[in-house]
1. To the nearest 20 debye, what charge dipole does the range 6-189 have about its Cα centre, counting +1 at the Cβ of each Lys and Arg and -1 at the Cβ of each Asp and Glu?
2. Among Gln70, Gln87, Gln164, determine the one that fluctuates most according to a GNM of the chain built with springs between C-alpha atoms less than 10 Å apart.
3. For the range 71-175, state which trypsin sites (Lys or Arg not before Pro) are in a DSSP loop and have at most 11 other beta carbons lying within 10 Å of their beta carbon.
4. Run through the range 24-53 and list the trypsin sites (Lys or Arg not before Pro) located in a DSSP loop whose Cβ has at most 14 other Cβ atoms within 10 Å.
5. Report, ordered by chain and residue number, the lysines lying within cross-link reach of Lys149, taken as a straight Cα distance under 25 Å and ignoring same-chain residues fewer than 8 apart.
6. Select from Asp20, Asp114, Asp169 the residue whose mean-square fluctuation is largest in a Gaussian network model of the chain (Cα-Cα springs shorter than 10 Å).
7. So which aspartates and glutamates can Lys86 reach, going by Cα to Cα under 12 Å and dropping same-chain residues fewer than 8 places off?
8. How about Lys146: which aspartates and glutamates have a C-alpha closer than 18 Å to its C-alpha, ignoring those fewer than 8 places off in the same chain?
Amino acid sequence: MIIRQCEFIKSAVTPDQYPDLDLPEIAFSGRSNVGKSSLINSLLNRKKMVKVSSSPGKTRTINFFLINEQFILVDLPGYGYAAVSKQEKASWGRMIESYLKSRDNLANVVLLVDIRHKPTGDDKLMYDFIKYYRESVIIVATKLDKITKTAVQGSLSLIRDTLQTDERDRIIPYSSETHAGRDELWELLKHE
Ligand SMILES: Nc1nc2c(ncn2[C@@H]2O[C@H](COP(=O)(O)OP(=O)(O)OP(=O)(O)O)[C@@H](O)[C@H]2O)c(=O)[nH]1
Ligand SMILES: [Mg+2]
């Protein structure tokens, strides 16, 4: 994918704040700190398009990025971040849920999980939630550079088994450091 142009459009919390553009949207969801913002930077081949932080809970709003004036990438806030209050967790949950439920131009939702860990109960809930609305889910297993080559297949199997994926779902090991998986992921996304 050749990125000729990309720009931050806006941040939103409630549906009335979403951008009023009728273009296909691809949203990135996953636990806090799993690497959503880094993945978007890697896909765009930009280092600082999206803010990344080593402390979880960095992205707290829904952030929209316009690409080549053709489609939109959406950085969602992470779920499962332990250090926020129950109330704040619930409001983040509602923010993500109402986005996924109400966005008519949503072309695809990518679910990110950390390749080093067994998916959590929250990950399974998110998988089921996406699957309720869509036939297939693209799962990106992030931080591939942090495990050995020999561990990759076992990790992917654990992710598949825990989420109970089916043959229509795709799972792509990815590293935002080395950009491994980038071409394969664009290949899937561009058909949407
Ligand atoms: N080694 C390595 N580190 C990564 C990778 N992806 C993300 N990270 C690191 O993981 C941390 C969190 O990355 P973010 O992209 O901010 O994660 P996020 O999912 O957007 O987090 P929230 O905004 O809190 O939901 C940062 O320190 C990143 O540098 C990767 O593929 N490899
Ligand atoms: Mg983020």
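The values are calculated or read from the model by the stated rules, or taken from the named source; none is laboratory data. What you see is a predicted model; the values in this text were computed from it and never measured. Virtual Cβ from ideal backbone geometry, glycine too; neighbours counted across all protein chains shown. Heads up: the accessible areas ignore ligands, DNA and RNA and are worked out on the full protein's heavy atoms, side chains in. Shrake-Rupley method; radii C 1.70, N 1.55, O 1.52, S 1.80 Å.
1. On the way: 26 positive and 24 negative charges, 167 e Å.
Taking the Cα centre of the range 6-189 as origin, the dipole is about 800 debye.
2. Highest fluctuation of the listed residues: Gln87.
3. Working: sites: Lys86, Lys89, Arg94, Lys101, Arg103, Arg116, Lys124, Lys131, Arg134, Lys143, Lys146, Lys149, Arg160, Arg168, Arg170; in loops: Arg103, Arg116, Arg134, Lys143, Arg168.
Answer by residue number: Arg168.
4. Working: sites: Arg31, Lys36, Arg46, Lys47, Lys48, Lys51; in loops: Arg46, Lys47, Lys48, Lys51.
Passing sites in the range 24-53 are Arg46, Lys47, Lys48, Lys51.
5. Lys36, Lys118
6. Asp20
7. The reachable aspartates and glutamates, counting only those whose Cα sits under 12 Å from Lys86, number zero.
8. Asp114, Glu177
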